[in-house]
Amino acid sequence: MPFAPPGYRALDPQSAARHLPQLHRFARSLCGCSQLAEDLTQETYVRVLARPRRVRGESDYPYLARTLRNVFLDHWRSEQRRPAPEGLDHDVPSAHGDPELAAYAGELYDAVADLPDDFRRVIVAVDVAGLSYLEASGTLRIPIGTVMSRLHRGRARLAGSLAPTPG
């Protein structure tokens with residue numbers, strides 16, 4: 001890479017590979033399916049490592065998460081153009097053999113998937129992918145105050161939808 005503007009550096013493939021588990025969790029929370037999440041994560045790395053990249057800041061993760069989000073959106077747009085096959089369900093995590101925990105995790109993923117897009121994206125970025133508010137702001141390209149307010153309102157909606165009903 002001949003020139004990197006001030007504040008930018010070359011993306012190190014070895015450093016990028018360390019983010020694989022975190023990126024896979026992010027993909028899983030976006031699409032709700034482990035197999036598709038694996039495909040999206042691999043496609044993200046194929047795109048990023050196909051040619052030298054310049055990234056800003058110390059961490060590669062915000063750049064990788066933005067790329068994954070774009071890969072997911074490309075996939076989603078292409079899926080919208082074709083009819084969905086019947087009988088496909090989202091898979092539910094195994095929760096290491098604990099059926100009660102697996103059932104709750106499935107409910108949680110469903111509740112996150114049911115959130116409006118703006119809330120879901122922020123919940124996924126901060127609570128699932130583990131981004132800081134500042135990283136989420138950069139990744140989602142929204143102000144940090146918007147991240148905080150959407151996160152608060154999204155968490156409140158999740159809590160309300162997961163609260164046990166009296167009876």
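Just so you know, all these numbers are worked out from the coordinates, no wet-lab data involved. Remember, predicted model here, so these are calculated numbers, not experimental data. Note: ideal-geometry Cβ built from the backbone for every residue, glycine included; neighbour counts use all protein chains shown.
Assorted remarks:
- Counting 0.36 nm for each residue step from Asp12 to Tyr133 and taking away their Cα separation leaves a gain of 41.2 nm.
- Approximate spin-label separation Ile142-Leu20, in nm, with each point projected 7 Å along Cα-to-Cβ: 3.1
- Total charge dipole magnitude, segment 98-167, about the Cα centre, Cβ charges on Lys, Arg, Asp, Glu only, Debye to nearest 20: 420
- Distance between the 7 Å Cα→Cβ label points at Arg54 and Ser34: 4.1 nm.
- Projecting label points 7 angstrom from Cα along Cα→Cβ for Trp76 and Ala159 puts them 2.6 nm apart.
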